[in-house]
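Worksheet: one structure, shown below.
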Amino acid sequence: MMLARPDPYLRTILWLGFFALILAAWWVMYAMAMEMDLDLLGRPGEMGARMAAMDPRMPMDMPMARFGPLFAMWAIMMAAMMLPTLVPTLRSYEDLIGSANGTWAGWLGVLGGYGLVWVGFAALIAGAQLALLYGGAVDMLGIATSPWLAGGLLIAVGAFQFTRTKETCHGVCHSPMTYFLGHWRTGFAGGVRMGLGLGAFCVGCCWGFMALGFAGGVMNLAWMGLATLFMVLEKLPQVGHVVTRPMGAILILGGVVVLTLPQLTGG
């Protein structure tokens, strides 16, 4: 039986909507940074410095000390950073629309399931930020208050790049077609189910780069951009397997520098 070719008009609409969602998420993050008086490196101006110094236990309304606003911020950040990394996966599924019984409803399901997993992760890391904030480990802007936390995070995430868990999760993210062929489900519900699985492996692969936000500030747009670029490269079939461990070595070296620099400078 002849399989139907993908509808080019529907394809255009869906892909444009997908990229518009990414651009909207980045715009919201930029607008939030400007409203908080932060530059692109997450460094506070006068108002931002006052915000960073606030005690979360003070009796005043501080959005960055409440779960709801923090969760919304992290959810938007997940969209801005992780949706670009999904492009190779969605392209792989699109190939199956023309060569198998994939559908655009299934394509949307994969996107939805993947997004649900990262929204769940956003809830977890927002809770972690609140715990760190009230414990004095990070300030109101999510910046580590001690070089031990910042350096330790860099070393831990760098070391994770060399682990078997990283290799397994990266293998799935690096070859989404293999995952689809081994876990194929049809229709929207099937797409959601596959998206949930892919999202879980993606969290296992990339959680560390989200946690690194505490090393330089969770509203550091420059870090967000560099982390997104690296995670996109890591998932490309041609170069993904080449960059993982060198990045781990760079992160470990950066952590060592962060831990030793205050001692060398007498800080």
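Readers should treat all values here as calculations from the given coordinates under stated rules, not as data from a laboratory. This is a predicted model, so every value here is computed, not measured. Backbone-built Cβ (ideal geometry, glycine too); neighbour counts: all protein chains shown.
By the count of other C-beta atoms within 10 Å, a proxy for reagent exposure, HIS241, HIS174 are ordered fewest to most as HIS241, HIS174. Note on the stretch 8-265: dipole from Cβ charges, positive end direction compared against ASN220, LEU141, LEU253; the farthest Cα belongs to LEU253. Per residue, the average separation of C-alpha pairs within less than 8 Å and at least 6 apart gives the chain a relative contact order of 26 percent. Sequence-ordered 3J(HN,Hα) estimates for the stretch 172-187 from the Karplus curve with 6.51, -1.76 and 1.60 and θ = phi - 60° stand at 5, 5, 6, 10, x, 4, 4, 5, 4, 5, x, 10, 5, 9, 9, x Hz, glycine and proline given as x. Rounded to the nearest 500, the helix-only mean residue ellipticity at 222 nm of the chain stands at -24500 deg cm²/dmol, with each DSSP H run of n ≥ 4 adding -39,500 (n - 2.57). Annotation for ALA156 and ILE250: the two label points, set 7 Å from Cα along the Cα-Cβ direction, are 2.2 nm apart. Applying the Karplus relation 6.51 cos²θ - 1.76 cosθ + 1.60 with θ = phi - 60° to the stretch 130-136 yields 3J(HN,Hα) values of 4, 5, 5, 5, 6, x, x Hz, where x marks Gly and Pro. In this calculation the C-beta distance from THR12 to LEU259 is compared with R0 = 41 Å, giving a FRET efficiency of 0.25.
About its Cα centre, the dipole of the chain is roughly 640 debye, where the only charges are +1 on Lys and Arg Cβ and -1 on Asp and Glu Cβ.
Highest-first packing order for the peptide set 179-192, 206-219 is 206-219, 179-192, based on the mean count of other beta carbon atoms within 10 Å.
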